[in-house]
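Okay, structure first, notes after.
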Amino acid sequence: MDTSAEDAGGRPTALVPGPASPDPASPGPGTQEPAPQVPALPVTPAVPEQRTAARRGPAPAGPPAPPPRPRRPIDGVAVAAFLSGLVPAIPVTLVLGPIALIRIGRSGARGRALAITGLVLAGLWTVAAAIVAAAIVTRPPPPKPVTLPHVFSLRAGECLNSGPNGISGLHVLSCSQAHGAEVFATFRVAGSHYPGATAVQQQARQGCASRLSGYLNPQLSAASLAQSFVYPDAGAWSAGERTVVCTVHSTSGPLVGSVRSAPG
């Protein structure tokens, strides 16, 4: 051990035996090799993005935008075809519509949709007119009004003569003249639906029989008199007629004077 190293207060070192003496150029065991020095890199200060862009200058401008294309005008014939289709003026639309389409195809103007719309409207109007015309043609004619015989307008106390056509040829005259029959009562049959000829006839017979005795002059002989009546058939019933007309006539010849006031 090296005592001089201890006396000097240095750090003791171990001796490494070896056959050869140490190289004087190499560092001794008691010395430290200095750390290698790393050269410092230069630091570049950060430059703001705005300043960098400012230094670069404005971006080069692109090619100029093309000027706007002028708006094509609307064809006047197409507008007229559309308006005539709305009116409607179908013949005018059928003429102007094709002309407008030809003009637009040649000039490139706007209005093709207007011309086509006018033609479509004209077609719709034509179809609607055809449907209405077909409905009018195929509609059945209105029923002819029923002409009721004059007999249903007679009133009690009127005297009449029958014509050659029966009740349709009745002739009203004064009871002081010779006549064939006299009306002694009228009444209406109740009911909304036609009950049939038999049922109406039965009601007419019963209604007239119940009213005859109250009308006749009691001094007259009822044996020479007979009653008759007129009642509505199905056609008169459907026309709203419900009147029964009761008449009295002589079985021995024409009557002269009223059966209510004639002397016995």
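List of remarks:
- Within segment 164-217, tally of residues that are hydroxyl-bearing (Ser, Thr, Tyr), in a loop (DSSP other than H, G, I, E, B) and closer than 16 Å to Phe152 by Cβ: 1
- Considering Arg205, Arg260, the condition of being over 25 Å from Thr147 (Cβ atoms), among the charged types (D, E, K, R) and modelled with pLDDT under 90 is satisfied by Arg260 alone.
- Tally of residues being touching a strand residue (DSSP E or B) at 6+ places or on another chain (Cβ under 8 Å), closer than 30 Å to His193 by Cβ and either part of a loop (DSSP other than H, G, I, E, B) or not small (Gly, Ala, Ser) (or both) across segment 218-261: 11
- Hey, Phe229 modelled with pLDDT of 90 or more, more than 51 Å from the chain's Cα centre (by Cα) and closer than 30 Å to Lys144 by Cβ or not: yes
- Hits in segment 169-188 - residues which are over 17 Å from Ala209 (Cβ atoms) and among the hydroxyl-bearing types (Ser, Thr, Tyr): Ser174, Ser176
- Of all residues in segment 79-113 being touching a Lys or Arg at 6+ places or on another chain (Cβ under 7 Å) and either assigned to a loop (DSSP other than H, G, I, E, B) or not assigned by TED's automatic domain parsing to the domain that holds Ala128 (or both), the one that is surrounded by the most Cβ atoms within 10 Å (Cβ to Cβ): Ala109
- Hits in segment 82-121 - residues which are hydrophobic (A, V, I, L, M, F, W, C) and over 23 Å from Arg71 (Cα atoms): Leu86, Val87, Ala89, Ile90, Val92, Leu94, Val95, Leu96, Leu119, Val120, Leu121
The values are calculated or read from the model by the stated rules, or taken from the named source; none is laboratory data. Keep in mind the model is a prediction, meaning the values are calculated, not measured. Please note: Cβ atoms are built from the backbone with ideal geometry, for glycine as well, and neighbour counts cover all protein chains shown.
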